[in-house]
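Some notes on the structure that comes next.
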Amino acid sequence: KDYVLLIADRKVAYSVVALKSDHDKIMHLDASKLFAIAGEGGDAVQFSEYVQKNLHLYNLKTGLPLSTKAAAHFTRNELATALRKGPFQVNALLGGVDHSGPSLYHLDYLGTLHKVNFGAQGYGGYFCYSILDRLWKPDMSLDEGVALMNTCIKEINSRFLVGGADFTIKVVTAEGIRVLDPVLASSA
Amino acid sequence: MSSRYDRAITVFSPDGHLFQVEYALEAVRKGTTAVGVRGTDLIVLGVEKKSTAKLQEERTVRKIHVLDDHCCLAFAGLTADARVLINKARIECQSYKLTMEDRVSIEYITRYIAGVQQKYTQSGGVRPFGISTLIVGFDADGTPRLYQTDPAGTYSAWKANATGRNSKTVREFLEKNYTETSGDETVKLAVRALLEVVESGGRNVEIAVLRAGQPLQIYDEKQVEAVVSAIEAEKAATETS
């Protein structure tokens, strides 16, 4: 209704080895925007930091924060420009709250941009889209949203081959960004 | 064809002067006064507010600009030149943060701005920037800093300085009256210095205060009036005693 909820797993994979199990994949682009990145390690960090600094520059130049829609389109433009030169292997979900309310955008490395009510990147989609299709409804409260996310997490942890993962959970509201207690695989 | 633009405009005179740079300094001397005072826990920037036309939106005529969360800049001279230089500096601040994961030190960004100003005195087809800047901010260790640059591209650190119209008078006042101050005392010192050359009244000065870890605070008319009245009260008290 008035928030955007993003979750991401915390594992960093290096072929068949789990390099790290507590990596935060959701970057704060500014005080009211979250950027959950799935993709190649270096590209993900490089690209998201680049977007973050450009948003900050815009803020300083104009004294105004960029709207979520504008930030998403700027990000998409960067991805599209890089595509035919040296593409960023980055798929992302950008969620933010601005004067027009909450919005969520689904971006991929080809420069695709779609405004969505719910989305997933990576293998999560295979398991969660059907759950989200059935259970998402407009104007859900934060508690209802968290419950829906927990259902998705349970499904991933039971059915996904590389499951049993911890999750980072962050929510953006009009007041800003909050980190919710990470769901640990044992308690989900 | 392009060779027509390769000839430098800033060339040495027979007696070793760079006249274009000196003329740029003249342009600075025509600009409205800007003063900066470094306190122990804050830095104050004060500028003479040029009277705006009746139909002009006052808040769009700014002489104090934010470069990054922790540093700001005031200038005297050609406003358009300042806009270009400030844009370059802002991009450099973010670029530095992207590669170094750290905010710029005030000396670094001053060195960068001075470097740009110098480049334009030694390139073909361009003229020097007609501005002197006062760059203020806090370094990572919390030390307040105040730097000045000029059209030649020289820069130096100051405890307090002024540039623009009547800057000599203001600087002399500061030299006579500067002491290590903090908080409101620093603000009063900056305003007293500015009032030496500007008509008294909140309408003619703009004050901005930068504290460590906080965004730049620009005083509104009421706050400026409060400082001015406090100064006038102090003056009256010392005169009658």
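The values are calculated or read from the model by the stated rules, or taken from the named source; none is laboratory data. What you see is a predicted model, and the numbers here were worked out from it, not measured in a lab. Because the Cβ atoms are built from the backbone with ideal geometry, glycine has one as well, and the counts that use them run over all protein chains shown. All accessible areas refer to the heavy atoms of the entire protein, side chains included, with ligands and DNA or RNA removed. Shrake-Rupley method; radii C 1.70, N 1.55, O 1.52, S 1.80 Å.
Some observations on this one:
- Given +1 at the Cβ of Lys and Arg, -1 at the Cβ of Asp and Glu and no other charges, the dipole of the protein assembly as shown around its Cα centre is 1180 debye to the nearest 20.
- Once divided by 2.2 N^0.38 Å, the Cα radius of gyration of chain B becomes 1.06.
- Estimated Rh, segment B:57-149: Kirkwood, alpha-carbon pairs, angstrom: 13.7
- On the basis of the beta-carbon distance and an R0 of 35 Å, A:Leu135 and B:Leu98 show a calculated FRET efficiency of 0.30.
- Using the Cβ-Cβ distance between B:Glu22 and B:Thr60 with R0 set to 22 Å, the FRET efficiency works out to roughly 0.10.
- Helix-only arithmetic for chain A: the sum of -39500 (n - 2.57) across DSSP H runs with n ≥ 4, divided by the residue total, places the mean residue ellipticity at 222 nm at -12000 deg cm²/dmol.
- Compared with the dominant Cα axis of chain B, that is its longest principal axis, helix B:79-100 is turned about 80°.
- Here the 3J(HN,Hα) profile of segment A:28-41, calculated from phi with Karplus coefficients 6.51, -1.76 and 1.60 at θ = phi - 60°, is 8, 6, 7, 5, 10, 9, 10, 10, 8, 10, 10, x, 4, x Hz, Gly and Pro shown as x.
- Nearest-10 value in Å² for the accessible area of A:His23, using the 1.4 Å probe: 60
- Normalised radius of gyration (Cα atoms, divided by 2.2 N^0.38 Å) for segment A:33-86: 1.17.
- Where only alpha carbons of segment B:1-121 are counted, the Rg and the Dmax (Å): 17.4, 56
- Kirkwood Rh and Cα Rg combined as Rg/Rh, the protein assembly as shown: 1.09
- Percentage of interatomic Cα-Cα distances in segment B:52-107 larger than 14 Å: 60
- Scattering profile of segment B:106-241 at q = 0.12, 0.16, 0.22 Å⁻¹ [log10 I(q)/I(0), Debye over alpha-carbon scatterers]: -0.57, -0.95, -1.41
- Rounded Å value of the spacing that divides the Cα centres of segment A:1-25 and segment B:96-121: 36
- Among A:Phe127, A:Leu107, A:Ala38 - extreme Cα towards positive end, dipole of segment A:1-156, charges at beta-carbon: A:Leu107
- Label positions at B:Ser13 and B:Gln214, each projected 7 Å from the Cα along the C-beta direction, are separated by 4.8 nm.
- Rounded tilt (10° steps) of B:106-119 against the dominant C-alpha axis of chain B: 40
- Coupling constants for segment B:212-218 follow from the phi torsions by the Karplus curve (6.51 cos²θ - 1.76 cosθ + 1.60, θ = phi - 60°), and in residue order they are 4, x, 10, x, 4, 10, 9 Hz; glycine and proline get x.
- Segment B:165-241: translational diffusion in µm²/s, Stokes-Einstein, Kirkwood Rh over Cα pairs, 10 °C, 1.306 mPa s: 119
- Nonlocal amide H pairs with A:Arg10, under 5 Å, H built at 1.01 Å: A:Asp166, A:Thr168
- Across chain B, the relative contact order, built from alpha-carbon pairs under 8 Å that are at least six residues apart, equals 27 percent.
- Isotropic mean projected area of the C-alpha convex hull, chain A (nm²): 10.7
- Here r is the Cβ-Cβ distance between B:Tyr178 and B:Thr79 and R0 is 30 Å; the resulting FRET efficiency, rounded to 0.05, is 0.55.
- Gyration tensor verdict on segment A:109-154 (Cα atoms; rounded if a/c is under 1.5, prolate if a/b is larger than b/c, oblate otherwise): oblate
- Rg and Dmax of segment A:63-170, Cα atoms only, in Å: 15.5, 47
- Contact residues in segment B:93-107 by the 10 Å² criterion (accessible area, 1.4 Å probe, full protein complex versus chain alone): B:Gln94, B:Lys97, B:Leu98, B:Glu101.
- Rounded tilt (10° steps) of B:19-30 against the dominant C-alpha axis of chain B: 20
- Chain pair B, A: total accessible area buried, heavy atoms, 1.4 Å probe, Å²: 900
- Apportionment of accessible area to carbon and sulfur, the protein assembly as shown, percent (1.4 Å): 51
- J(HN,Hα) series, segment B:11-17, from Karplus relation 6.51 cos²θ - 1.76 cosθ + 1.60, nearest Hz, glycine and proline x: 10, 5, 8, x, 9, x, 9
- If you run the Gaussian network model on chain A, springs between alpha carbon atoms under 10 Å, then out of A:Ser141, A:Ser15, A:Ser130 the most flexible one is A:Ser15.
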